[in-house]
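Q: Take this structure, written in structure tokens, and hold onto it; I'll ask about it next.
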Amino acid sequence: MAEWYQAYADYNDMAVLTEELLAGLVLDLFKTSELTRHGTTLAFARPFARKDYYALVREHAGVDLTKTNDAELRGVLQRHHVPTAEVAALSGPKLIDEVFKTCVEPTLVQPTFVFDYPLALSPLAKPKRGDPTKVERWELFVQHRELANAFSELNDPDEQRRRFEQQATLRAAGDAEAQQLTRTFCARWSTACRPRAAWGWGWTG
């Protein structure tokens with residue numbers, strides 16, 4: 001696993017760096033840009049595919065995330081045979097995330113960047129320029145699994161505090177994965193707001 005931050009960079013810079021890193025690593029280790037895993041040939045030649053989160057959900061789940069509601073998303077999961085008890089326990093961001101995992105992730109085989117996540121799923125990411133309902137975040141998938149995650153980090157201290165407060169509300173409602181309100185972080189962030197990108201990598205084999 002690895003993680004870093006880069007000042008004066010954004011998620012586009014991190015995508016380019018990640019392509020260079022992974023494509024170069026595969027070529028150096030195996031002397032080819034194609035690997036066969038579990039009967040599938042994976043092509044690591046640059047550039048990797050870049051797809052939009054909302055478009056993928058619309059294509060594979062049949063719903064428009066800009067217009068949908070919890071009831072419709074629960075219906076999608078039920079049609080995909082997710083157990084009723086599990087579906088009933090989900091709402092809001094958790095429900096959106098489960099629809100993506102159920103309907104979209106199984107389709108992501110070749111190295112693919114999924115760009116521009118819903119704001120509700122990414123409390124630390126900067127709003128997408130031109131569309132504040134989304135954030136500047138991507139995840140890289142290979143053979144159905146997330147390999148890397150990066151985002152343009154939010155550097156507006158007032159917006160960061162507001163999002164932490166929203167996360168605290170979700171946590172109080174029972175979401176154990178919601179971010180906790182960190183007043184020290186918010187106070188320090190208000191005096192150290194340089195633009196930067198965050199990047200994380202994890203692989204389990």
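Q: Return yes or no: is residue 95 among the hydrophobic types (A, V, I, L, M, F, W, C), in a helix (DSSP H, G or I) and over 9 Å from the mean Cα position of the chain (by Cα)?
A: It is true that residue 95 is among the hydrophobic types (A, V, I, L, M, F, W, C), in a helix (DSSP H, G or I) and over 9 Å from the mean Cα position of the chain (by Cα).
Q: How about segment 117-138: which of its residues are crowded, with 21+ Cβ neighbours inside 10 Å and among the charged types (D, E, K, R)?
A: Passing the criteria: 126, 134, 136, 137.
Q: Sticking with this structure for a sec: From (1) closer than 22 Å to residue 150 by Cβ; (2) without any contact (Cβ under 8 Å) to a residue 60 or more places away in the chain, pick out the condition that doesn't hold for residue 70.
A: Going through the list (1) closer than 22 Å to residue 150 by Cβ; (2) without any contact (Cβ under 8 Å) to a residue 60 or more places away in the chain, residue 70 breaks only (1).
Q: Quick check on segment 153-164. Is at least one of its residues open to solvent by 50 Å² or more (accessible area, probe 1.4 Å) and either under 30 Å from residue 62 (Cβ atoms) or modelled with pLDDT of 80 or more (or both)?
A: Checking segment 153-164: not a single residue is open to solvent by 50 Å² or more (accessible area, probe 1.4 Å) and either under 30 Å from residue 62 (Cβ atoms) or modelled with pLDDT of 80 or more (or both).
Q: Being basic (Lys, Arg) and open to solvent by less than 70 Å² (accessible area, probe 1.4 Å), is that true of even one residue in segment 32-54?
A: No - not one qualifying residue is present in segment 32-54.
Q: Continuing with this model, one more query. List pairs: first residue in segment 85-104 and modelled with pLDDT of 95 or more, second residue crowded, with 17+ Cβ neighbours inside 10 Å and not in a helix (DSSP H, G or I) anywhere in the structure, Cβ distance under 7 angstrom, at least six positions apart or on different chains.
A: Every condition considered, the pairs that remain are 96/65; 96/118; 98/90; 102/82.
Q: Kindly indicate whether any position in segment 39-56 is out of contact with any helix residue (DSSP H, G or I) (no Cβ under 8 Å at 6 or more places or on another chain), more than 24 Å from residue 129 (Cα to Cα), among the charged types (D, E, K, R) and not in a loop (DSSP other than H, G, I, E, B).
A: Within segment 39-56, none of the residues are out of contact with any helix residue (DSSP H, G or I) (no Cβ under 8 Å at 6 or more places or on another chain), more than 24 Å from residue 129 (Cα to Cα), among the charged types (D, E, K, R) and not in a loop (DSSP other than H, G, I, E, B).
Q: Of all residues in segment 20-31, which are under 26 Å from residue 106 (Cβ atoms) and either open to solvent by 100 Å² or more (accessible area, probe 1.4 Å) or β-branched (Val, Ile, Thr) (or both)?
A: Hit for segment 20-31 is 26, nothing else.
Q: Let me ask something additional. Test residue 74 against the criterion of being over 30 Å from residue 12 (Cβ atoms), surrounded by 14 or more Cβ atoms within 10 Å (Cβ to Cβ) and at pLDDT 95 or above, and give yes or no.
A: Taking the combined requirement at face value, the residue satisfies it.
The values are calculated or read from the model by the stated rules, or taken from the named source; none is laboratory data. This one's a predicted model, so the numbers in the text were calculated from it and none came from an experiment. Every residue, glycine among them, receives a Cβ derived from its backbone with ideal geometry; neighbour counts consider all protein chains shown. Side chains included, ligands, DNA and RNA excluded: accessible areas come from the protein's heavy atoms. Shrake-Rupley method; radii C 1.70, N 1.55, O 1.52, S 1.80 Å.
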